[in-house]
Amino acid sequence: MPRITIRVQAGPFDSAHETALLLRGQDMVGGVAAFTGLVRGGGDLVALELEHYPGMTESQMQRIAESACTRFGLVGCTVIHRVGRLEVGMPIVLVLCASAHRAAAFDATEFIMDWLKTRAPFWKREVFATGRSAWVEARAEDDAAAARWDGITAGPGAEFKK
């Protein structure tokens with residue numbers, strides 16, 4: 001059974017600590033792929049304010065992680081998403097995927113991020129230096145990235161099949 005850790009939290013996370021926890025007692029891991037998302041700036045953006053639906057968000061994140069473990073034969077994964085006010089440059093999300101082979105770990109990490117952006121109930125509001133704020137709308141590019149995984153299956157060491 002893969003080791004899955006899911007958290008939604010306001011405070012920061014420690015990538016090295018989370019990686020050590022994921023790997024503790026695991027001897028079948030050949031690689032860990034990691035993605036840390038940061039609050040991207042631009043224009044006069046100063047922060048993002050993130051909200052979520054407690055309980056539902058974690059449940060959906062768990063389903064996404066379980067799907068990734070099944071599709072890519074992961075040994076385990078960790079998904080941590082922050083909420084609250086986050087300034088430009090601050091870490092917002094951490095995805096760690098551990099597998100016997102690097103390709104599965106890389107692909108699973110990308111899969112989780114694509115599905116988190118489109119299927120997990122988070123809402124983002126941009127806050128600008130002028131005091132103006134605006135909710136972030138769904139993007140067609142994110143939907144297209146997530147849709148590419150539909151109908152694709154993979155297993156440990158397997159090639160993708162449509």
Inset, instruction - Give me Arg125, Arg40 ranked fewest to most by other Cβ atoms within 10 Å of their Cβ, as a rough exposure proxy. - result: Arg40, Arg125
Inset, instruction - In a Gaussian network model over the chain where Cα atoms closer than 10 Å are linked, find which of Val136, Val75, Val127 has the largest mean-square fluctuation. - result: Val136
Inset, instruction - Evaluate the relative contact order of the chain (contact order divided by residue number), counting alpha-carbon pairs under 8 angstrom at least 6 apart; express in whole percent. - result: 30 percent
Legend entry - Given (1) -0.86, -1.06, -1.10, -1.14; (2) -0.38, -0.91, -1.01, -1.11; (3) -0.35, -0.95, -1.09, -1.24, the label whose value is log10 I(q)/I(0) by the Debye sum over Cα atoms at q = 0.10, 0.16, 0.17, 0.18 Å⁻¹ derived from this model: (2)
Legend entry - Thr118 paired with Asp27, simple spin-label distance in nm, labels 7 Å along Cα-to-beta-carbon: 4.0 nm
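Bear in mind that the values in this text are calculations on the coordinates, not laboratory data. As the structure is a computational prediction, the values presented were derived from the model and not from experiment. Virtual Cβ from ideal backbone geometry, glycine too; neighbours counted across all protein chains shown.
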